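The values are calculated or read from the model by the stated rules, or taken from the named source; none is laboratory data. Note that the structure is a prediction, hence the values are computed from the model and not measured. We place every Cβ from the backbone using ideal geometry, glycine too, and count neighbours over all the protein chains shown. Accessible surface areas use protein heavy atoms only, side chains included; no ligands, DNA or RNA. Shrake-Rupley method; radii C 1.70, N 1.55, O 1.52, S 1.80 Å.
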Amino acid sequence: MSNINLIICNNTSNECSLLNAMMFDINSSPDFNDKKIIAAPCNHNKGVTTFKSISSEIVPLKIDHPNTENTAISHRFSFMGAHYSSIEFFANDYCSEQKVQDCLNANCVIFAIDAKIELDIEMLKWIKTFSLLKTQKVIWAVDYISSSDFNEEVFAGLVEKLTLFSRELGFPHASYLPLSISTGENISSLRSKSSWYQGANLMEQLSLDTKHSATALKATRLQVIQADRSNDDSGFIEGILIQGKPQVGDKLKVLPSGAGCTIKSIEKTLANKETNLYSDRIKFSIAESFELKSGVILGQGNNLPEMADQFEANLLWLHNLALIPGRQYKFKLYNQEVNATVNKIKYRINENTGDKLACQDIKKNEIATVNISLDKIIIFDPFKNNHTLGFFSLIDKSNSVIVGLGTINHLLRRSQNIHWQEIQVMPETRAALMNQKPKCIWMTGLSGSGKSTIANMLEQSLNISGLHTFLLDGDNVRHGLNRDLGFTEADRAENIRRVAEVAKLMVEAGLIVIVSFISPFRSDREMARQRFQNDQFVEVFIDTPLEECEKRDTKGLYAKARLGEIQNFTGINSPYEAPVAADIHIRTTENPTEQAVSQIRQYLNL
């Protein structure tokens with residue numbers, strides 16, 4: 001019996017569920033062998049029957065956004081020799097982690113659209129997701145409420161447009177059919193209203209040659225979820241079978257340690273006795289006596305996953321604001337969470353021509369090939385070999401919203417050619433020689449807010465006290481290290497990234513570093529903070545109203561920006577995101593420079 005993991009992405013104006021309509025329509029079929037599921041019409045309106053399953057399993061998904069209600073309709077059933085795990089959601093639903101996982105597991109997707117074929121930007125988001133995931137079976141179900149305004153000529157025109165669109169997205173074998181969610185036409189049988197359509201009905205199309213490339217590589221991948229074997233007399237360890245068909249006697253390696261082990265015995269559990277389907281949960285034992293820690297991944301000894309912190313990936317961007325290289329995000333791949341930075345956008349693909357186009361950013365619903373670096377080494381497989389360990393999401397660290405989905409192409413060789421060199425003189429030793437606690441004092445504020453003035457006086461004050469310091473001023477750094485950078489959002493992000501790395505090195509040298517940069521974006525300042533230990537980074541908000549900054553502007557930069565002579569000028573034609581909870585908040589219109597310096601020293605206990 002074949003297994004079909006089905007996703008229905010509904011972008012129709014019909015208030016009825018296609019999955020519920022399917023359940024109602026096949027309930028009376030002799031091929032339907034799961035009579036426990038009963039569906040019935042919920043109302044009749046002007047001769048049109050709508051459907052609602054009275055026993056449908058309503059699955060509440062994780063609500064990632066407080067103003068978004070997320071539910072999906074889910075059914076499990078068997079029909080015509082296939083077992084279905086089916087989920088339907090609407091195109092404008094929020095992109096939660098659960099929905100992403102459902103999409104990843106799918107080997108078939110139905111895009112339900114209106115006959116008008118008006119695909120909105122939210123539907124395009126899901127279409128691009130399945131394009132990124134290279135889902136093998138795609139069905140376009142064109143819904144119509146009334147057959148009077150839908151005929152063979154209209155449908156043929158839609159198929160022509162959809163065929164071109166599907167080829168551009170990598171769905172060369174997509175199929176198309178007209179149906180009616182409201183009346184059940186062409187769901188499990190062909191009806192007379194569309195007698196001109198002689199193709200397979202929806203259920204027949206679903207049962208035809210469903211494949212999924214995630215099973216192409218059979219190398220075993222296991223994750224341990226129960227580490228303590230002491231409570232189990234049988235010596236079994238509970239795990240999740242990510243991929244492959246492990247056998248007794250298989251040689252495995254524990255990652256990331258690399259320790260070897262041998263499978264001694266295996267106990268599989270049935271997820272469904274009626275369909276004889278095995279669960280992805282597995283109990284096994286190993287011949288060796290050492291304990292396997294919870295969360296570790298076991299790989300087949302002669303075909304291991306990759307381990308690296310840099311790789312090339314295809315990335316689908318989902319956020320309304322464009323992706324800017326250099327920003328830091330939370331990176332989630334299977335059970336691993338680390339910090340990630342998109343270092344380079346190599347190119348994006350022109351969907352119409354297939355050409356590789358150079359670009360500086362990635363806009364919403366665009367797919368690009370990028371280089372990504374992580375702050376820790378992870379375990380992964382190329383997506384073409386393993387969908388589970390080759391797929392990841394990028395998450396905004398400020399609100400936990402998924403902003404990007406990606407598939408790993410291959411590791412970057414430099415990640416394996418470059419190794420961290422251990423050194424004997426530690427940062428603590430350098431700090432002890434200077435008899436001080438190293439700090440990074442990061443001053444942020446508008447141009448003209450007084451950052452440089454306060455930073456200069458603070459450094460002088462600390463030097464007089466015998467402390468070792470260094471001041472990194474935004475203008476000065478742009479004369480040397482960052483002279484190749486402009487003031488676009490991407491250049492600003494790179495500007496902060498470089499300075500943060502320099503400041504980190506100076507802190508490791510034992511210095512108290514004062515950084516005076518506008519650093520207008522919260523995400524960039526958070527990226528800088530992440531470079532340091534918890535108590536080493538101190539954010540100081542030099543808070544001066546824009547009007548006051550303009551009064552202080554002796555160079556006339558604000559005036560030029562307002563006339564349009566200077567582009568990307570913070571506060572005028574480029575935003576400044578004030579700190580939400582700075583460690584130190586200095587209001588310059590209320591506190592003179594000397595008092596500001598005293599406030600900083602008092603906070604730092606210097």
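A few notes on this one:
- Looking only at residues of segment 561-606 that are under 36 Å from the mean Cα position of the chain (by Cα) and of a type in the set (G, A, S), we find that the one that is modelled with the lowest pLDDT is S574.
Conditions (1) assigned to a helix (DSSP H, G or I); (2) acidic (D, E); (3) open to solvent by 40 Å² or more (accessible area, probe 1.4 Å), marked per residue:
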{"residue": "Q533", "(1), (2), (3)": "no, no, yes"}
{"residue": "V538", "(1), (2), (3)": "no, no, no"}
{"residue": "I542", "(1), (2), (3)": "no, no, no"}
{"residue": "N568", "(1), (2), (3)": "no, no, yes"}
{"residue": "A582", "(1), (2), (3)": "no, no, no"}
{"residue": "I586", "(1), (2), (3)": "no, no, no"}
{"residue": "T589", "(1), (2), (3)": "no, no, yes"}
{"residue": "S598", "(1), (2), (3)": "yes, no, yes"}
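- Every residue from segment 290-306 that is part of a strand (DSSP E or B) and in contact with a Ser or Thr (Cβ under 9 Å, 6 or more places away or on another chain): L298, G299, Q300, N303
- The residues of segment 103-125 that are within 18 Å of S74 (Cα to Cα) and open to solvent by 20 Å² or more (accessible area, probe 1.4 Å) amount to a single one, N105.
- Leading residue by the ranking (farthest from the chain's Cα centre (by Cα)) among those in segment 498-535 that are among the polar types (S, T, N, Q) and within 20 Å of I454 (Cβ to Cβ): S516
- Residues within segment 324-361 that are crowded, with 18+ Cβ neighbours inside 10 Å and modelled with pLDDT of 90 or more, tallied: 9
- Pair list, Cβ < 8 Å and 6+ apart or interchain, from segment 572-596 residues that are within 18 Å of L458 (Cα to Cα) to residues that are part of a helix (DSSP H, G or I) and among the aromatic types (F, W, Y): D583/Y603; I584/Y603
- Selected residue (only one of F392, F383 is part of a strand (DSSP E or B) and either touching a helix residue (DSSP H, G or I) at 6+ places or on another chain (Cβ under 7 Å) or open to solvent by less than 20 Å² (accessible area, probe 1.4 Å) (or both)): F392
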